[in-house]
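All remarks here apply to the structure that follows.
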Amino acid sequence: MTKMNEDLESRFFEMRALRNRARKKRAEKELSEAKKLYSQAIEVAKALKSKEDVEKLEKLVKIIELDILLERLHTLEHQLTQMAWAE
Amino acid sequence: MEDAKIAKLTESIEKLETDCSVFKENSTAKTLNKEDFEGKKLNFLEEIKKISYEIKQLKELVSTKNQSEQIVIRELNSLSEQFQTEVDEDTGIATIFVEASLDTHFEIDVDCSRYPDPPYLFIPKAMDDFLGREFVPSLKTLKNWSRRKPPHLVDIFKELEEKLVTFFQRKEESIDDRGKMAKRRKLIEFARNAEEAGNTAEAIDLYRGVLEISKDLKDKATYFKFKQRIEELETNDKNE
């Protein structure tokens, strides 16, 4: 295997590993951490000029951003429903 | 377009958070009458519902799977039918739990987001330690992978499971052998001690145990060696 191929292979591995770690963080509901890892994976995918991976990863970041927004709304809703009028 | 929508939704939520915070302060300061309090609370809850709905709609739109992603999902689902898995449809990655033996199992992450390209398997270190790094790449399904006519993902794991089961069965057999050999060593030690103490009958009995184990292990040399020793002891015993 040439040096260039090895570098490419190791960058691909880095991207896959980041994506896999991000997936696990997302499953553990650590959304901000997952977003951070996916964003790092996007940078690697861009360096690899893998348009398909960049698109897929960007899509995932958007989904997580929306999940984060839903979580914020859920917190607000919870706070409001806990509030009761007191004289 | 989606980015702009997300930015707009984020802005709406920030405003809602600020307004709710003011509402909370006013409520604590008791500057609101009951009617105002209930009315505002209801308005906020309705606003939350409305924004949530918009977010879910947008999420559905963003999550729409293209044809190749749908193929990946189908593959992952058929994997789930035969193995214990945790599938992440959004990424095309799944964790597969493969049973190698009753007390050995492995969790393997498989990235098949590029299917029909060959999947990438994250092999746990423990598995590498047991089987070596070349074990997985040597699987026929992976080695003979054809992008034009790709095998199903489930075929890789069937082959992997079969090989793992065979390997660990053999390993357990050898572990079992090791246990028998240890037991035999102990019996020989006790038999020699009995001989030294002059307890010939006990020594013979113990050596018979050695013969049994040697027979089990198909170890002819040891079997005949101790059979001969028993005969010697029996002859000596008769002569005395």
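The values are calculated or read from the model by the stated rules, or taken from the named source; none is laboratory data. Since the model is a prediction, treat every value here as computed from it, not as a measurement. Neighbour counts are summed over all protein chains in view; Cβ atoms, including those assigned to glycine, are modelled from backbone coordinates with ideal geometry.
Remarks
- Residue match in the range B:64-82 (condition: in contact with a Leu (Cβ under 9 Å, 6 or more places away or on another chain), in the same structural domain as B:Glu161 (by TED's automatic domain parsing) and more than 30 Å from B:Thr166 (Cα to Cα)): no
- Residues considered: B:Phe157, B:Phe167. Of these, the only one that is under 26 Å from B:Lys65 (Cβ atoms) and part of a helix (DSSP H, G or I) is B:Phe157.
- Taken together, B:Ile51, B:Ile13, B:Ile6 contain a single residue that is in contact with a Ser or Thr (Cβ under 6 Å, 6 or more places away or on another chain) and either closer than 15 Å to A:Ile68 by Cβ or more than 9 Å from chain A (Cβ to nearest Cβ) (or both), which is B:Ile51.
- Some residue of the range B:88-100 being exposed (fewer than 15 other Cβ atoms within 10 Å of the Cβ), of a type in the set (Gly, Ala, Ser) and farther than 22 Å from A:Met15 by Cα: no
- Inter-residue pairs, beta-carbon under 6 Å, first without any contact (Cβ under 8 Å) to a residue 60 or more places away in the chain and in the range B:154-165, second assigned to a helix (DSSP H, G or I) and of a type outside the set (Asp, Glu), 6+ apart: B:Asp155/B:Thr141; B:Ile156/B:Thr141; B:Glu159/B:Thr141
- Matching residues in the range A:11-56 - criterion: being in a helix (DSSP H, G or I), within 13 Å of chain B (Cβ to nearest Cβ) and small (Gly, Ala, Ser): A:Ala17, A:Ala22, A:Ala27, A:Ala34, A:Ala41, A:Ala45
- Qualifying residue in the range B:161-176 (condition: modelled with pLDDT of 85 or more, in contact with a Pro (Cβ under 9 Å, 6 or more places away or on another chain) and closer than 24 Å to B:Asn77 by Cβ): no
- Scan of the range B:97-138 for residues that are within 13 Å of another protein chain (Cβ to nearest Cβ) and either basic (Lys, Arg) or under 11 Å from the mean Cα position of the chain (by Cα) (or both), ordered by number: B:Glu107, B:Ile108, B:Asp109, B:Arg114, B:Ile123, B:Pro124
- Unique match (being surrounded by 12 or more Cβ atoms within 10 Å (Cβ to Cβ), basic (Lys, Arg) and assigned to a loop (DSSP other than H, G, I, E, B)) among B:Lys30, B:Lys65: B:Lys65
- Here A:Asp67 fits the description: closer than 22 Å to B:Thr64 by Cα, surrounded by fewer than 18 Cβ atoms within 10 Å (Cβ to Cβ) and within 10 Å of chain B (Cβ to nearest Cβ).
- Scanning the range B:68-96 for residues that are among the hydroxyl-bearing types (Ser, Thr, Tyr), under 16 Å from the mean Cα position of the chain (by Cα) and not in a helix (DSSP H, G or I), we see that the one that is modelled with the highest pLDDT is B:Thr95.
- B:Val22 assigned by TED's automatic domain parsing to the domain that holds B:Cys112 and of a type in the set (A, V, I, L, M): no
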